[in-house]
1. Restricting attention to the stretch 67-80, does a residue exist that is within 30 Å of LEU25 (Cα to Cα) and among the β-branched types (Val, Ile, Thr)?
2. Answer yes or no: is there a residue in the stretch 100-119 that is surrounded by 11 or more Cβ atoms within 10 Å (Cβ to Cβ), modelled with pLDDT under 75, of a type in the set (S, T, N, Q) and within 30 Å of VAL62 (Cα to Cα).
3. State whether the residues of the stretch 85-95 include one that is touching a Phe, Trp or Tyr at 6+ places or on another chain (Cβ under 9 Å) and not aromatic (Phe, Trp, Tyr).
4. Does the stretch 53-96 hold any residues that are surrounded by fewer than 13 Cβ atoms within 10 Å (Cβ to Cβ), over 30 Å from PHE108 (Cβ atoms) and small (Gly, Ala, Ser), and which are they?
5. Conditions first: (1) at pLDDT below 90; (2) more than 23 Å from PHE106 (Cα to Cα). ALA39 passes all but one, so which condition is the exception?
Amino acid sequence: MNTAIMSSEVVDNDEELVYTIDEALAVVGFGRFQALVLAYAGLGAMAEAMEVMILSFIGPSVKAEWGLSSGQESLITTVVFAGMLIGAYAWGIISDNYGRRQALEFLFFKENGYQCANCINLKMCFVSRMKRYA
């Protein structure tokens with residue numbers, strides 16, 4: 001017989017220990033790692049909110065400049081979110097099959113390749129790649 005870590009109940013070896021969320025958080029604690037995860041998640045949520053806000057500001061301007069109907073303006077916003085949905089799903093599958101690191105390395109390599117392919121000379125390619133690291 002083993003005693004459970006968080007409670008004083010005695011449990012058989014065959015039984016699985018079950019913890020509540022409060023008990024698990026008490027064991028793990030809240031340290032530097034959890035603060036960083038919370039900060040990065042907050043930055044991601046903030047970036048996502050900014051994208052939605054930018055789309056709402058740009059929509060009327062694009063509608064007036066290009067002479068679009070309300071349905072066409074809505075379609076532009078919808079396509080952005082459909083692309084995010086498809087991209088998140090596809091990169092999730094790729095990351096699950098090949099690993100997150102390999103997927104990010106491939107994405108980084110591909111993006112730099114497209115960026116250099118659009119440069120008109122070597123100096124422009126060098127400057128555009130160094131801008132990214134500054």
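The values are calculated or read from the model by the stated rules, or taken from the named source; none is laboratory data. Fair warning: this is a prediction, and the values are worked out from it, not measured in the lab. A quick note on method: Cβ atoms are made from the backbone with ideal geometry, for glycine too, and the neighbour counts reach across all protein chains shown.
1. First, pick out the residues of the stretch 67-80 that are within 30 Å of LEU25 (Cα to Cα): none.
No, that holds for no residue.
2. Initial filter on the stretch 100-119 (surrounded by 11 or more Cβ atoms within 10 Å (Cβ to Cβ)): 100, 102-108, 111-112, 115-116, 119.
Restricting the remaining residues to those that are modelled with pLDDT under 75 gives 111-112, 115-116.
If we keep only those that are of a type in the set (S, T, N, Q) as well, we get 112, 115.
Still in the list and also within 30 Å of VAL62 (Cα to Cα): 112, 115.
Looking through the stretch 100-119, at least one residue is surrounded by 11 or more Cβ atoms within 10 Å (Cβ to Cβ), modelled with pLDDT under 75, of a type in the set (S, T, N, Q) and within 30 Å of VAL62 (Cα to Cα).
3. Initially, the stretch 85-95 is screened for residues touching a Phe, Trp or Tyr at 6+ places or on another chain (Cβ under 9 Å), giving 94.
Still in the list and also not aromatic (Phe, Trp, Tyr): 94.
Yes, the stretch 85-95 contains a residue that is touching a Phe, Trp or Tyr at 6+ places or on another chain (Cβ under 9 Å) and not aromatic (Phe, Trp, Tyr).
4. Those that are surrounded by fewer than 13 Cβ atoms within 10 Å (Cβ to Cβ), over 30 Å from PHE108 (Cβ atoms) and small (Gly, Ala, Ser): SER56, SER61, ALA64, GLY67, SER69, SER70, GLY71.
5. (1)
Matching residues to (1) part of a loop (DSSP other than H, G, I, E, B); (2) of a type in the set (Phe, Trp, Tyr); (3) modelled with pLDDT under 85:
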{"residue": "ILE5", "(1), (2), (3)": "yes, no, yes"}
{"residue": "ASN13", "(1), (2), (3)": "yes, no, yes"}
{"residue": "LEU17", "(1), (2), (3)": "yes, no, yes"}
{"residue": "LEU25", "(1), (2), (3)": "no, no, yes"}
{"residue": "ILE54", "(1), (2), (3)": "no, no, no"}
{"residue": "ALA64", "(1), (2), (3)": "no, no, no"}
{"residue": "GLN72", "(1), (2), (3)": "no, no, no"}
